[in-house]
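**Student:** Please see the structure below; I have some questions.
The values are calculated or read from the model by the stated rules, or taken from the named source; none is laboratory data. In this text the structure is predicted, and so the values were computed from the model without any measurement. Here the Cβ positions follow ideal geometry from the backbone for every residue, glycine too, while neighbour counts run over all protein chains shown. All accessible areas refer to the heavy atoms of the entire protein, side chains included, with ligands and DNA or RNA removed. Shrake-Rupley method; radii C 1.70, N 1.55, O 1.52, S 1.80 Å.
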Amino acid sequence: MAKTPEQDERFDAIIVGAGFAGLYALYRLRGAGLRARVYEAGDNVGGTWYWNRYPGARCDAESLVYSFSFSEALEQEWEWSERYATQPEILRYAEHVADRFDLRRDIRFERRVASAHFDEIPGLWRVVTDQGDRAQAPLCLMATGCLSVPQIPDIPGLDDFAGQRYQASLWPHEGVDFEGQRVGVIGAGSSAIQAVPIIAEQASRLTVFQRTPNFSVPAHNAALDPEFVEEFKTHYREHRRLHQRGLASGFGGVEIQPKEFAPAAPSALALSDEQLDRICEEWWEIGGARFLGAIGDTMISEEANQLVADFVHRKIREIVKDPITAEALCPTSYPIGTKRICVDTGYYETYNREDVRLVDLQTTPIERIVRDGIQTTEEHIPLDSLVLATGFDAMTGALLRMDIRGRNGQRLRDKWSAGPRAYLGLMAAGFPNLFLITGPGSPSVLSNMIVSIEQHVDFIMDCLETMKIRGVEQIEASPEAEEQWVAHVNEVAAATLFPKGGSWYLGANVPGKPRVFMPYAAGVGPYRKICEDVAANDYRGFIFGASSRDA
Ligand SMILES: Cc1cc2nc3c(=O)[nH]c(=O)nc-3n(C[C@H](O)[C@H](O)[C@H](O)COP(=O)(O)OP(=O)(O)OC[C@H]3O[C@@H](n4cnc5c(N)ncnc54)[C@H](O)[C@@H]3O)c2cc1C
């Protein structure tokens, strides 16, 4: 017999998701003496690093910075082996965090939250999972991830394919052996860029189907030097402080050396060709996403951006021997950095292999997928396996897949029908006590996400402490503050080149999704300051209210 709402399990807080955000939220809530329950769709912790097991999956922020800062003991004892950690190593780290802090006992795995409804009297969130669990709590934290819902492309005949089909972000746990197979990869974003060089080593023939090329910078990955690690760990607090406060724009929180916190030159336009080339070369040699930070106006001036893009085009043409393939790999339809810059190990070089080929879908689109391969407008390409590396329904996907209803039964889906709206990316007006960790309107995907996760969870915990002191039980974003914040997020984005990218930051990869630039582009440092300022000014823009439970 179905349980009645009176039989719901009762908690102080419900957290949805057990990636890094859910783990840290649980740790902090428990530390504050609150009883929390986490629901996670997967059968283990780790989130992104649990699901994305495709060959070559690894972080493109460096290991020493892509890690939690909340426990000095943890950061000292954990040993990263490579400059850029692989997916298995990051998953082990997440598992270690869960075990070290005894977090698993409050997590229920293989439970996907289907709905979360706010019940105004008595002021509780009622949560139901796909397994029929029912729980209630005055507080609900969405730690559902910005990149946790795979985007399956709508290609005619996709289901007709008789070979093996894999989605990069839902990779089989037992791994896949492509030895001797003809493999097709659809997509040319970050996952494809990481997977292609590895799949090429196994497959007898690899064909990459590319709609839009992406810019990629070499990782220059290597084993970590123990002396460097020791030195870095000795100064961990200072590094963390810089990552939290440091960068004004671009990908905040990924720098390793102090010199990387400031651009080598404020403007490309003031440099001679030789100077620009020398700086770009130097940062290309350092490697990684922070290449974008080399020149100060890369993300704000189209002219400057073009000069940096030209440098990368030259690099691609230098590496890739076949001139037609090299041209197809050079992104020309959007400014560099306005789609997430990729970090690779041997991606462009892979196209020099005789058994690897690029099909440019701009010139020869896919007509349909057939039983034994792909039919383009030009030819039939036989395949044994097909890998879809087609990205995510980013930032809002996981939230909108749930039936979330706030005050007066308002659905989040309806509220966000023209694009997401949330004050500071943390709370949507009309949804009391529902916090979004790294929600749309916060730096989120434009940052080292562990830095942003910790900042959001710390903000929420401070806020809860204030509520406790005041004896109030509800907090909610005011509609005016939300309105102003959304306008500000748009204004900041409009002052950069980001909206010109036609990227998943804008929802452009999902048919029918409203085109709204979702992350906050001013950087983690300025954003943190705004949040601190809001808190110091009596949580400006938030409304505190007594819960109707007290009525
Ligand atoms: C391939 C890849 C590489 C990346 N590389 C980097 C990088 O180099 N640097 C960086 O900063 N970030 C990177 N990211 C972003 C990455 O998502 C974050 O760094 C971080 O792992 C996010 O943690 P999270 O806990 O917020 O979300 P996630 O790790 O996505 O975890 C969310 C969890 O919520 C669960 N969930 C979602 N909906 C529900 C529901 N309804 N019910 C129950 N559970 C649910 C999911 O199953 C998932 O386990 C990368 C992402 C991908 C996909």
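**Student:** Looking at the structure I just gave you, is residue 63 surrounded by fewer than 16 Cβ atoms within 10 Å (Cβ to Cβ) and touching a strand residue (DSSP E or B) at 6+ places or on another chain (Cβ under 7 Å)? Give the derivation first.
**Tutor:** Numbers: surrounded by fewer than 16 Cβ atoms within 10 Å (Cβ to Cβ): no; touching a strand residue (DSSP E or B) at 6+ places or on another chain (Cβ under 7 Å): yes.
Against the criterion (surrounded by fewer than 16 Cβ atoms within 10 Å (Cβ to Cβ) and touching a strand residue (DSSP E or B) at 6+ places or on another chain (Cβ under 7 Å)), residue 63 does not qualify.
**Student:** Against the conditions (1) surrounded by fewer than 16 Cβ atoms within 10 Å (Cβ to Cβ); (2) under 19 Å from residue 16 (Cα atoms), where does residue 428 fall short? Just the number, please.
**Tutor:** Of the numbered conditions (1) surrounded by fewer than 16 Cβ atoms within 10 Å (Cβ to Cβ); (2) under 19 Å from residue 16 (Cα atoms), the odd one out for residue 428 is (1).
**Student:** In the range 504-522, is there at least one residue being farther than 23 Å from residue 145 by Cα and surrounded by fewer than 15 Cβ atoms within 10 Å (Cβ to Cβ)?
**Tutor:** Step one: of the range 504-522, the residues farther than 23 Å from residue 145 by Cα are none.
No - not one qualifying residue is present in the range 504-522.
**Student:** Something else about it: Can you pull out the residues in the range 157-184 that are within 20 Å of residue 210 (Cα to Cα) and within 16 Å of the ligand (Cβ to nearest atom)?
**Tutor:** Answer for the range 157-184, where residues must be within 20 Å of residue 210 (Cα to Cα) and within 16 Å of the ligand (Cβ to nearest atom): 166, 167, 168, 169.
**Student:** For the range 437-454, what are the residues that are touching a helix residue (DSSP H, G or I) at 6+ places or on another chain (Cβ under 7 Å), in a strand (DSSP E or B) and either modelled with pLDDT of 95 or more or surrounded by fewer than 24 Cβ atoms within 10 Å (Cβ to Cβ) (or both)?
**Tutor:** If the condition is that a residue be touching a helix residue (DSSP H, G or I) at 6+ places or on another chain (Cβ under 7 Å), in a strand (DSSP E or B) and either modelled with pLDDT of 95 or more or surrounded by fewer than 24 Cβ atoms within 10 Å (Cβ to Cβ) (or both), then 442 is the only one that fits.
**Student:** Check residue 51 against each of (1) within 22 Å of residue 457 (Cα to Cα); (2) open to solvent by 20 Å² or more (accessible area, probe 1.4 Å); (3) within 7 Å of the ligand (Cβ to nearest atom) and name the one condition it does not meet.
**Tutor:** Among (1) within 22 Å of residue 457 (Cα to Cα); (2) open to solvent by 20 Å² or more (accessible area, probe 1.4 Å); (3) within 7 Å of the ligand (Cβ to nearest atom), residue 51 violates only (1).
**Student:** Next question. Only one of 61, 94 is within 26 Å of residue 290 (Cα to Cα), within 14 Å of the ligand (Cβ to nearest atom) and part of a helix (DSSP H, G or I); which?
**Tutor:** Details: 61 fails: part of a helix (DSSP H, G or I).
On inspection, the qualifying residue turns out to be 94.
**Student:** Name every residue in the range 204-235 that is farther than 25 Å from residue 291 by Cβ, in contact with a Phe, Trp or Tyr (Cβ under 9 Å, 6 or more places away or on another chain) and open to solvent by less than 10 Å² (accessible area, probe 1.4 Å), in order of residue number.
**Tutor:** Step one: filter the range 204-235 for residues farther than 25 Å from residue 291 by Cβ, giving 204-207, 209, 226-227, 230, 233-234.
Next cut, in contact with a Phe, Trp or Tyr (Cβ under 9 Å, 6 or more places away or on another chain) only: 204, 206.
Hit for the range 204-235 is 206, nothing else.
**Student:** Just to be sure before I move on: is residue 168 within 14 Å of residue 370 (Cα to Cα) and in contact (Cβ under 8 Å) with a residue 60 or more places away in the chain in the structure I sent? It would help to see each step written out before you state the result.
**Tutor:** Details: within 14 Å of residue 370 (Cα to Cα): no; in contact (Cβ under 8 Å) with a residue 60 or more places away in the chain: yes.
Criteria not met by residue 168.
**Student:** Related question: For a quick check of your reading of the model, give me the residue pairs whose first member lies in the range 257-280 and is under 17 Å from residue 310 (Cβ atoms) and in a helix (DSSP H, G or I), whose second is at pLDDT 85 or above and of a type in the set (Phe, Trp, Tyr), with beta-carbon atoms closer than 8 Å and at least 6 apart or on different chains.
**Tutor:** Pairs that qualify, where the first residue is under 17 Å from residue 310 (Cβ atoms) and in a helix (DSSP H, G or I) and the partner is at pLDDT 85 or above and of a type in the set (Phe, Trp, Tyr), are 276/311; 277/311; 280/291; 280/311.
**Student:** Continuing with the same structure: Please name all residue pairs, on different chains or six or more residues apart, with Cβ atoms under 6 Å, provided the first residue is in the range 118-133 and is in a strand (DSSP E or B) and more than 14 Å from the ligand (Cβ to nearest atom) and the second residue is among the small types (Gly, Ala, Ser) and open to solvent by less than 60 Å² (accessible area, probe 1.4 Å).
**Tutor:** From the range 118-133, the pairs are 118/406.
**Student:** Sticking with this one: Residues of the range 138-153 being under 22 Å from residue 468 (Cα atoms) and either open to solvent by 50 Å² or more (accessible area, probe 1.4 Å) or within 15 Å of the ligand (Cβ to nearest atom) (or both), which ones? I'd like the intermediate steps shown before the answer.
**Tutor:** Start the filter on the range 138-153 by keeping residues that are under 22 Å from residue 468 (Cα atoms), which leaves 138-142.
140, 141, 142, listed by residue number.
**Student:** Only residues that are open to solvent by less than 60 Å² (accessible area, probe 1.4 Å) and on the phi > 0 side of the Ramachandran plot: list them for the range 377-410, please.
**Tutor:** Residues of the range 377-410 that are open to solvent by less than 60 Å² (accessible area, probe 1.4 Å), as a first pass: 381-400, 402-404, 406, 409.
Answer for the range 377-410, where residues must be open to solvent by less than 60 Å² (accessible area, probe 1.4 Å) and on the phi > 0 side of the Ramachandran plot: 391, 395, 409.
**Student:** Turning to a different aspect of this structure: Which numbered condition trips up residue 359, out of (1) hydrophobic (A, V, I, L, M, F, W, C); (2) over 25 Å from residue 53 (Cβ atoms); (3) open to solvent by 10 Å² or more (accessible area, probe 1.4 Å)?
**Tutor:** Condition not satisfied by residue 359: (3).
**Student:** I would also like to ask the following. Going through 17, 46 one at a time, which residue ends up being without any contact (Cβ under 8 Å) to a residue 60 or more places away in the chain and within 8 Å of the ligand (Cβ to nearest atom)? Steps first, answer last, please.
**Tutor:** Values: 17 fails: without any contact (Cβ under 8 Å) to a residue 60 or more places away in the chain.
Answer to the check: 46.
**Student:** Inside the range 250-277, can you point out the residues that are within 21 Å of residue 216 (Cβ to Cβ), away from the ligand (no atom under 16 Å from the Cβ) and either out of contact with any strand residue (DSSP E or B) (no Cβ under 6 Å at 6 or more places or on another chain) or modelled with pLDDT under 95 (or both)?
**Tutor:** First pass over the range 250-277, keeping only residues within 21 Å of residue 216 (Cβ to Cβ): 250-256, 260, 263-264, 268, 276-277.
Still in the list and also away from the ligand (no atom under 16 Å from the Cβ): 263-264, 268, 276-277.
The answer is 263, 264, 276, 277.
**Student:** Another question about this same structure. Please find, among 340, 413, the residue that is within 30 Å of the chain's Cα centre (by Cα), of a type in the set (D, E, K, R) and surrounded by fewer than 19 Cβ atoms within 10 Å (Cβ to Cβ).
**Tutor:** On the way: 340 fails: surrounded by fewer than 19 Cβ atoms within 10 Å (Cβ to Cβ).
Of the residues listed, the single one that is within 30 Å of the chain's Cα centre (by Cα), of a type in the set (D, E, K, R) and surrounded by fewer than 19 Cβ atoms within 10 Å (Cβ to Cβ) is 413.
**Student:** Right, here's the next one. Suppose we filter the range 209-246 for residues that are in contact with a helix residue (DSSP H, G or I) (Cβ under 6 Å, 6 or more places away or on another chain) and part of a loop (DSSP other than H, G, I, E, B); how many remain?
**Tutor:** Counting residues in the range 209-246 that are in contact with a helix residue (DSSP H, G or I) (Cβ under 6 Å, 6 or more places away or on another chain) and part of a loop (DSSP other than H, G, I, E, B) gives 3.
**Student:** Within the range 481-491, can one find any residue that is in contact with a strand residue (DSSP E or B) (Cβ under 6 Å, 6 or more places away or on another chain) and assigned to a loop (DSSP other than H, G, I, E, B)?
**Tutor:** The answer is no; no qualifying residue exists.
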